[in-house]
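Okay, structure first, notes after.
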Amino acid sequence: MGSEIVRALKGVSFDVAAGEFLTIMGSSGSGKTTLLNTLGCLDKPTEGTYLLDGVDVRNLGRNELAKLRNNKIGFVFQAYNLLPRTSALENVELPLLYNPALNAKERKERAIKCLEAVNLGDRADHTPNQLSGGQQQRVAIARALVNEPVMILADEATGNLDSRSSYSIMALIQELNSQGKTIVFVTHEPDIASFSSRTIMLKDGKVIKDSPNENRKSAKEMLETLPKSEDY
């Protein structure tokens, strides 16, 4: 920033095991976004090593990084990032367009399967403005799943949702995790972090806490305690 060097992350070191559900917490400016961008291969660390599924990310060029991101990582964002005039099915198919091994029929079949996995098989032809916030986020999760990534990265994925929709999304995330999906979920909400198996706390670019969640909660059970709604 001008002549001043700002080190967003300082000596951060941790492992994420296959099949783990990890949350990353910290206040604004703690380094969460930079860490997420590094994990997602959007930024490269200036020092140190990042191994993703055994691949050293620092040694890859731009095209190799793009290919790695598309094949290994599924992104879920706070703002959904869906194409507005495109159906749910076509939004989910989008990452598969970069996979020359699949034809149109295979792309559609895989996208439908992912929509069914998030309980939106009957909404495939709906555009985002015909879906609730919770449903849009489910489409985004289906899109993240469609390339069968080794890791799903979620950035404040419940930040725009009400409590019921948030717990509904977290119940889905827990279900995916129980099926063996590796999840890294950035959040500033302690109740959301309580659904994960482990939490890393960042402060001023450093890891100040890395601990398992002994009293892990069930989002499905919490969802059942809330008043009924048709939002999701």
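Checked against the criterion of being closer than 23 Å to G19 by Cα, basic (K, R) and surrounded by 17 or more Cβ atoms within 10 Å (Cβ to Cβ), segment 62-71 contains one or more residues that satisfy it.
Among the numbered conditions (1) outside any strand (DSSP E or B); (2) at pLDDT 90 or above, the only one that K67 does not meet is (2). So which residues in segment 1-33 are outside any loop (DSSP other than H, G, I, E, B), crowded, with 20+ Cβ neighbours inside 10 Å and among the hydroxyl-bearing types (S, T, Y)? Within segment 1-33, just T23 meets the criteria. Of the helices (runs of 4 or more DSSP H) lying entirely inside segment 107-213, those containing at least 1 residues that are in contact with a Phe, Trp or Tyr (Cβ under 7 Å, 6 or more places away or on another chain) and modelled with pLDDT under 95 span 133-145, 163-178.
Is there a residue in segment 84-100 that is crowded, with 16+ Cβ neighbours inside 10 Å, within 27 Å of Q136 (Cα to Cα) and of a type in the set (K, R)? No, that holds for no residue.
Summed over segment 170-195, residues that are within 19 Å of V150 (Cα to Cα), among the hydroxyl-bearing types (S, T, Y) and over 12 Å from the mean Cα position of the chain (by Cα) total 1.
The values are calculated or read from the model by the stated rules, or taken from the named source; none is laboratory data. The model shown is predicted, which means the values in this text are computed figures rather than measured ones. Here Cβ is always computed from backbone atoms with ideal geometry, including for glycine, and neighbour counts include all displayed protein chains.
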